[in-house]
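Take a look at the structure below.
We did not get these values from a lab; they are worked out from the coordinates using the rules stated. Every value quoted in this text rests on a predicted model; they were computed, and no experiment measured them. In this analysis, Cβ positions are derived from the backbone assuming ideal geometry, glycine residues included, and neighbour counts consider all displayed protein chains.
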């Protein structure tokens, strides 16, 4: 079994936004895992002014979260700087996380990664992660925290996010 400190949680934009709406970002630290962001996810959550963009930027800075560089973000930034309209903006964060986790498989020993996602398409799609990595939905993660006794109520977090205006996925996992 991998010690908690050797597990790296990589949240996608969706879970970060939901937890920001619920004022519950710090639940990401409850398992004792390290938390990092891939650069493309950080770009996605801060590039536009949204109800959560400032809160998320401040949270990342306050916790001095590591930001992992990816080729996906490098190419996206090159397209922006060369005045080319980035033809693809959707799912770049997920692709950057996938790139990072594939790189984990080549480390010795392989790093354990947990991809925290909210997009139901990922649950059903062929989103491939190496054997040393896992993908977990926001709802499943919150239920895990509740079952461990680290969180009083997963449903309360969901309720707070929805009441604050978040359109949280109604799809239940596993699907």
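Between residue 48 and residue 153, residue separation times 0.36 nm minus the direct Cα-Cα distance comes to 34.7 nm.
Computed over the Cα atoms of segment 1-85, what is the convex hull's projected area averaged over all directions, in nm²?
For the Cα atoms of segment 1-85, the hull's average projected area reads 6.4 nm².
Here the gap between residue 80 and residue 107, fully extended at 0.36 nm per residue and compared with their Cα-Cα distance, gives a gain of 6.6 nm.
Diffusion coefficient of segment 4-163 by Stokes-Einstein, Kirkwood radius over Cα pairs, 20 °C, 1.002 mPa s: 132 µm²/s. Summarising the label geometry, the points placed 7 Å from Cα in the beta-carbon direction at residue 58 and residue 71 lie 3.8 nm from one another.
Listing 131, 12, 23 from fewest to most neighbouring C-beta atoms within 10 Å gives 131, 23, 12.
So for segment 4-163, averaging the separation of alpha carbon pairs under 8 Å that are six or more residues apart and normalising by length, what relative contact order in percent results? Please report the intermediate quantities before stating the final value.
On the way: 221 pairs, mean separation 48.1, N = 160.
Normalised by residue count, the contact order of segment 4-163 is 30 percent.
Counting 0.36 nm for each residue step from residue 144 to residue 131 and taking away their Cα separation leaves a gain of 2.6 nm.
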